[in-house]
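For reference, the structure is listed below as structure tokens.
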Amino acid sequence: MPPARLSRTLLAGLIAAATTSAFAAQAAAPDVSKRQPEIEKAVSEISAKRIEAYIRKLVSFGTRHTMSDTSSDTRGIGAARRWIKSELERCGAGTRMQVTYDSYVDQGGPRISRPTEVVNVVATLPGTQPESKDRMYVVSGHYDSRVTDVMNDTADAPGANDDASGTAAVMEMACVMARHNFDATLVFMTVAGEEQGLLGAKHFADQAKKNGWNIAGMYDNDIIGSSHADDGRKDDGQVRLFAQGVPPGKEMSEALRTLVTTGGENDSITRQLARHTKEQGERYVKGFKVNVIYRTDRYLRGGDHSPFLANGYAAVRFTEPNENFDHQHQDLRTENGKVYGDLPEFDDFNYIAKVTKVNVAGLASLALAPAAPQKVGARTDKLENDTTLVWEANQEPDLAGYRIVWRETTAPFWQGAKYVGNVTEASVKLSKDNYFFGVQAVDKDGNVSPATYPVPKR
Ligand SMILES: [Zn+2]
């Protein structure tokens with residue numbers, strides 16, 4: 001956060017923290033508020049023109065319904081995915097990025113009337129730091145489309161916004177980021193079967209859970225294409241970022257019980273991911289707001305981040321500020337002079353580029369930073385008005401140290417911070433009764449991890 005935006009609360013917190021002398025001899029804190037040149041460069045390389053070209057090409061396949069034709073080279077979902085794969089291979093040529101299909105045959109269900117191969121196109125950019133490359137960040141958009149009847153697999157379903165916008169964003173990110181280096185691994189995924197029940201995303205998330213993949217964060221981009229509301233208002237200055245708090249479930253896990261017991265229902269791993277994404281996205285995309293919404297998704301709706309949440313991963317969804325339902329899941333038609341359908345003329349390609357840049361800033365900052373600290377605890381062995389936190393040491397060789405962040409219990413985002421150096425225990429002169437805390441890991445360049453919420457340590 002730049003100094004100009006320090007709030008009075010934050011200043012008060014900083015002054016309070018500065019009075020703690022226990023770690024006065026630490027090396028200078030890395031600058032965690034500067035723009036990293038590598039991230040700035042990647043963000044600047046995102047092209048609205050290429051995004052537009054990807055969307056127009058996706059629309060040209062007529063329909064991308066999950067059960068549509070797969071034999072034609074010009075129409076249907078088969079042609080679409082072969083084009084996505086070849087395009088990613090072309091732009092990733094000479095880089096470390098690997099492009100594969102990830103598929104299974106769905107035997108049928110409420111929205112699948114016959115056995116259908118559901119195919120994700122997955123581009124993986126392996127991390128370059130041995131200690132970090134098992135840590136993965138996944139970003140997805142769905143390339144399948146639909147019209148009014150979700151089972152109609154032949155009618156033209158352009159899906160220019162839902163979700164060629166997200167698919168094009170992911171393709172553009174992959175092509176740009178493949179030419180940069182990141183410590184952790186990035187997975188750029190375009191999935192099928194979203195409209196038929198989040199099938200492709202669920203298939204990937206289930207494999208991840210079964211194989212114990214360390215997915216430290218997941219971004220879903222779905223309906224990020226339009227800056228116009230149905231009443232004609234234009235808002236191209238913000239994107240909604242949906243972030244779940246307490247995951248719903250029939251039973252409460254021990255971890256969840258601990259979270260809720262300490263008032264941490266606003267400190268789930270997904271909310272920490274959202275805080276990180278807002279801070280980094282707004283840092284690199286000037287004048288653009290990442291509007292974090294403390295909800296899993298739009299009211300009672302869901303998306304491809306849902307199966308990741310269900311499997312215990314941190315996952316958020318990007319969506320435009322105002323949806324226009326005349327151009328979503330609609331048969332192409334004109335009624336009383338009004339055009340219905342999800343057509344490219346209702347997309348705003350410059351707006352999509354801004355959302356893509358927020359994704360790049362978020363993903364790059366995550367994949368350059370150390371992992372969020374593990375086994376973070378708040379000491380409760382004696383009653384005190386200070387707060388003493390402990391954690392396990394990170395393994396990354398470029399680690400500089402740790403940062404304790406805090407906020408008042410009613411505040412949505414961090415208000416104060418204190419760099420405590422390369423230690424695994426530190427105190428701040430603020431009471432854990434009155435503040436929420438987190439611990440972040442910081443590398444020597446100032447890349448900072450999302451915060452980890454402390455659990456009681458007795
Ligand atoms: Zn969608």
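In region 65-114, which residues are assigned to a helix (DSSP H, G or I) and more than 17 Å from MET173 (Cβ to Cβ)?
Filtering region 65-114 for residues assigned to a helix (DSSP H, G or I) gives 77-91.
Correct list: ILE77, GLY78, ALA79, ALA80, ARG81, ARG82, TRP83, SER86.
Name the pairs whose Cβ atoms lie under 7 Å apart, with the first residue in region 396-417 and surrounded by fewer than 16 Cβ atoms within 10 Å (Cβ to Cβ), the second in a strand (DSSP E or B) and among the basic types (Lys, Arg), and 6 or more positions between them or separate chains?
Final answer for the pair search is PHE413/ARG407.
Which residue out of THR116, THR100, THR95 is in the same structural domain as PHE318 (by TED's automatic domain parsing) and either surrounded by 20 or more Cβ atoms within 10 Å (Cβ to Cβ) or more than 30 Å from ALA372 (Cβ to Cβ) (or both)?
Details: THR100 fails: either surrounded by 20 or more Cβ atoms within 10 Å (Cβ to Cβ) or more than 30 Å from ALA372 (Cβ to Cβ) (or both); THR95 fails: either surrounded by 20 or more Cβ atoms within 10 Å (Cβ to Cβ) or more than 30 Å from ALA372 (Cβ to Cβ) (or both).
One residue alone meets the criteria, THR116.
From the list ALA168, ALA123, exactly one residue is outside any strand (DSSP E or B), aliphatic (A, V, I, L, M), touching a helix residue (DSSP H, G or I) at 6+ places or on another chain (Cβ under 6 Å) and crowded, with 23+ Cβ neighbours inside 10 Å. Which is it? Lay out the reasoning, then the answer.
Working: ALA123 fails: outside any strand (DSSP E or B).
Criteria check complete, one pass: ALA168.
Does region 274-289 contain at least one residue that is without any contact (Cβ under 8 Å) to a residue 60 or more places away in the chain, within 16 Å of the ligand (Cβ to nearest atom) and surrounded by 22 or more Cβ atoms within 10 Å (Cβ to Cβ)?
no
How many residues, within region 317-342, are surrounded by fewer than 15 Cβ atoms within 10 Å (Cβ to Cβ), of a type in the set (S, T, N, Q) and either part of a loop (DSSP other than H, G, I, E, B) or touching an Asp or Glu at 6+ places or on another chain (Cβ under 8 Å) (or both)?
Result for region 317-342: 1.
With respect to the numbered conditions (1) in contact with a Lys or Arg (Cβ under 6 Å, 6 or more places away or on another chain); (2) closer than 18 Å to ASN181 by Cα; (3) surrounded by 16 or more Cβ atoms within 10 Å (Cβ to Cβ); (4) not hydrophobic (A, V, I, L, M, F, W, C), which one is the sole condition not fulfilled by GLY62?
It is condition (2) that GLY62 fails.
For region 172-181, state whether one or more residues are under 19 Å from ILE84 (Cα atoms), out of contact with any strand residue (DSSP E or B) (no Cβ under 7 Å at 6 or more places or on another chain) and within 16 Å of the ligand (Cβ to nearest atom).
Initially, region 172-181 is screened for residues under 19 Å from ILE84 (Cα atoms), giving 172-179.
Those left that are additionally out of contact with any strand residue (DSSP E or B) (no Cβ under 7 Å at 6 or more places or on another chain): 172, 175-176, 179.
Those still in the list that are within 16 Å of the ligand (Cβ to nearest atom) too: none.
Looking for residues that are under 19 Å from ILE84 (Cα atoms), out of contact with any strand residue (DSSP E or B) (no Cβ under 7 Å at 6 or more places or on another chain) and within 16 Å of the ligand (Cβ to nearest atom), one finds none in region 172-181, hence no.
Are any residues in region 421-458 charged (D, E, K, R), assigned to a loop (DSSP other than H, G, I, E, B) and over 26 Å from ARG257 (Cβ atoms), and if so, which ones?
Our first condition is that a residue be charged (D, E, K, R); within region 421-458, this holds for 425, 429, 432-433, 443-445, 457-458.
With assigned to a loop (DSSP other than H, G, I, E, B) added as a condition, the list becomes 429, 432-433, 444-445, 458.
Residues satisfying the conditions are LYS429, LYS444, ASP445.
Could you check region 128-148 and list, in sequence order, the residues that are out of contact with any strand residue (DSSP E or B) (no Cβ under 7 Å at 6 or more places or on another chain) and in contact (Cβ under 8 Å) with a residue 12 or more places away in the chain? Even if it seems obvious, please write down each step before you answer.
Taking region 128-148 and keeping what is out of contact with any strand residue (DSSP E or B) (no Cβ under 7 Å at 6 or more places or on another chain), we get 128-132, 144, 148.
Passing the criteria: THR128, GLN129, GLU131, SER132, ASP144, THR148.
Search region 204-246 for residues being surrounded by fewer than 21 Cβ atoms within 10 Å (Cβ to Cβ) and in contact with a Ser or Thr (Cβ under 8 Å, 6 or more places away or on another chain), and hand back the single one that is nearest to TYR143 (Cα to Cα).
So, considering only residues that are surrounded by fewer than 21 Cβ atoms within 10 Å (Cβ to Cβ) and in contact with a Ser or Thr (Cβ under 8 Å, 6 or more places away or on another chain), the one nearest to TYR143 (Cα to Cα) is ASP236.
When only residues in region 416-452 that are among the polar types (S, T, N, Q) and within 22 Å of the chain's Cα centre (by Cα) count, which is farthest from ARG283 (Cα to Cα)?
Step one: filter region 416-452 for residues among the polar types (S, T, N, Q), giving 422, 424, 427, 431, 434, 440, 447, 449, 452.
Subset that is within 22 Å of the chain's Cα centre (by Cα): 440, 447, 449, 452.
Working: GLN440: 18, ASN447: 13, SER449: 15, THR452: 21 Å.
If we take residues in region 416-452 being among the polar types (S, T, N, Q) and within 22 Å of the chain's Cα centre (by Cα), then THR452 is farthest from ARG283 (Cα to Cα).
Among the residues of region 193-209, is there at least one that is more than 16 Å from the ligand (Cβ to nearest atom) and among the acidic types (Asp, Glu)?
Yes - at least one qualifying residue is present in region 193-209.
Looking for whichever is touching a residue at least 60 places away in the same chain (Cβ under 8 Å) and over 16 Å from ALA123 (Cβ atoms) here; the options are ALA201, ALA192, ALA229, ALA184. Which one fits? Outline the logic, then answer.
Details: ALA201 fails: over 16 Å from ALA123 (Cβ atoms); ALA192 fails: over 16 Å from ALA123 (Cβ atoms); ALA184 fails: over 16 Å from ALA123 (Cβ atoms).
Result of the check over ALA201, ALA192, ALA229, ALA184: ALA229.
Among the listed residues ASP153, ASP163, ASP144, which satisfies the condition of being more than 16 Å from the ligand (Cβ to nearest atom) and charged (D, E, K, R)? Walk me through it before giving the result.
Values: ASP163 fails: more than 16 Å from the ligand (Cβ to nearest atom); ASP144 fails: more than 16 Å from the ligand (Cβ to nearest atom).
Criteria check complete, one pass: ASP153.
Looking at region 132-160, which of the residues that are basic (Lys, Arg) and closer than 22 Å to PHE318 by Cβ is nearest to the chain's Cα centre (by Cα)?
Looking only at region 132-160, we keep the residues that are basic (Lys, Arg), and these are 133, 135, 146.
Cutting the leftovers down to closer than 22 Å to PHE318 by Cβ gives us 135, 146.
Working: ARG135: 14, ARG146: 24 Å.
Top of the filtered list is ARG135.
The values are calculated or read from the model by the stated rules, or taken from the named source; none is laboratory data. Not measured: the values here are computed from a predicted model. Counting neighbours? That spans all protein chains shown, and the Cβs are built from the backbone with ideal geometry, glycine included.
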